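The values are calculated or read from the model by the stated rules, or taken from the named source; none is laboratory data. Every value quoted in this text rests on a predicted model; they were computed, and no experiment measured them. Cβ sites come from the backbone with ideal geometry, for glycine too, and all protein chains shown count toward neighbours. These area figures cover heavy atoms from the full protein model, side chains too; ligands, DNA and RNA do not enter into them. Shrake-Rupley method; radii C 1.70, N 1.55, O 1.52, S 1.80 Å.
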Amino acid sequence: MTRTALITGASRGIGAAIACRLAADGWDLTLSARSPDPLRTLADELRAEHGVRVHTAAGDMAEETDVRGVAEQHLAAYDRLDALVLSAGMGQAGAIADFPLHRLDKQYAVNLRAPFQLIQECLPALRATTALPVDHGGVHTGARIVAIASITGVTAEPSLAAYAATKAAVLSLCESVNVEESAAGVSACAVAPGYVDTDMTAWMHDRLAPEDMITAEDVAEIVSTVVRLSRTAVVPSVVLTRPGPRLWRA
Ligand SMILES: NC(=O)c1ccc[n+]([C@@H]2O[C@H](COP(=O)([O-])OP(=O)(O)OC[C@H]3O[C@@H](n4cnc5c(N)ncnc54)[C@H](OP(=O)(O)O)[C@@H]3O)[C@@H](O)[C@H]2O)c1
């Protein structure tokens, strides 16, 4: 049976690159983001190019009912969930001293609360996947959660306190999933890149050229590899840093 993934933030950037990569690997997908049109366009392309099934489920990750609806739409469309890929995210810069709390609340909702809730919604299906017969070249892959965190959640970056705190929490959340669920076959991996060339980093092209950033395809390659591993290999986190002397910095 074909494996399925639910990917949030799939309309562009890192999430779209992951969708392209998993479709090329033969996965059936549900793509989610707020804007339905780019999701439908990407879904059409992936169906035509790779012959996989692609469902779309639009929703705002800041809204609890939308988050639940996205999970329900995946589970209604497919009979299994092998990978939950959490890429929807947002960042707003500003020093702690005068950072508006409503901006912290929004980043918390999208970057942490929604992943936490989606994991809750999807755990029964992920657990059920671990009980299915081995059928992927003899490798029992179990079920995976892959969350796109950030290197700012590992090492602090000036003016990114709110964003970084949510991403540090995502790294922690993945570790907690592993201690609670991985013995039974559901494990979580937080991928923590430095600056990746997407719309999110367009604002800083004056100080860092896009060609000096990590590519979204590099992040997708990590995700593709992690979800192919056997269930006995738990990968709590993968950090991607840019070349040069600023190791561990964004
Ligand atoms: N780019 C980087 O340098 C970098 C580095 C480390 C980690 N990350 C993380 O990687 C993830 C993807 O970032 P990216 O660079 O691909 O950003 P991006 O190009 O801005 O894409 C963000 C994606 O998330 C969706 N999204 C944003 N807000 C949402 C909301 N409230 N509800 C549902 N979907 C929402 C967007 O679609 P809609 O606008 O249609 O909703 C889009 O699909 C994020 O979690 C980000 O924090 C990025």
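Solvent-accessible area assigned to carbon and sulfur over the stretch 148-225 amounts to 53 percent, based on a 1.4 Å probe. Across the protein chains, with a 1.4 Å probe defining accessible surface, the residues M90, M204 rank M90, M204 from largest area downward.
When the residues T130, T155 are ordered by accessible surface, computed with a 1.4 Å probe over the protein chains alone, the sequence from largest down reads T155, T130. Taken along the Cα-to-beta-carbon direction at a fixed 7 Å, the label points for A24 and R47 span 2.2 nm. Per residue, the chain exposes 45 Å² of solvent-accessible protein surface, assessed with a 1.4 angstrom probe and all protein chains in place. Among P193, P210, P158, the residue with the largest mean-square fluctuation in a Gaussian network model of the chain, with springs joining Cα atoms closer than 10 Å, is P158.
Counted residue by residue at 0.36 nm each, then reduced by the alpha carbon distance between them, the extension gain from A183 to D98 reaches 26.2 nm.
For the chain, build the convex hull from the C-alpha positions and give me its volume per residue in Å³. Enclosed volume per residue, from the Cα hull, is 123 Å³. Calculated mean residue ellipticity at 222 nm for the chain: -12500 deg cm²/dmol, from DSSP H runs with n ≥ 4 weighted as -39500 (n - 2.57), summed, divided by the residue count and rounded to 500.
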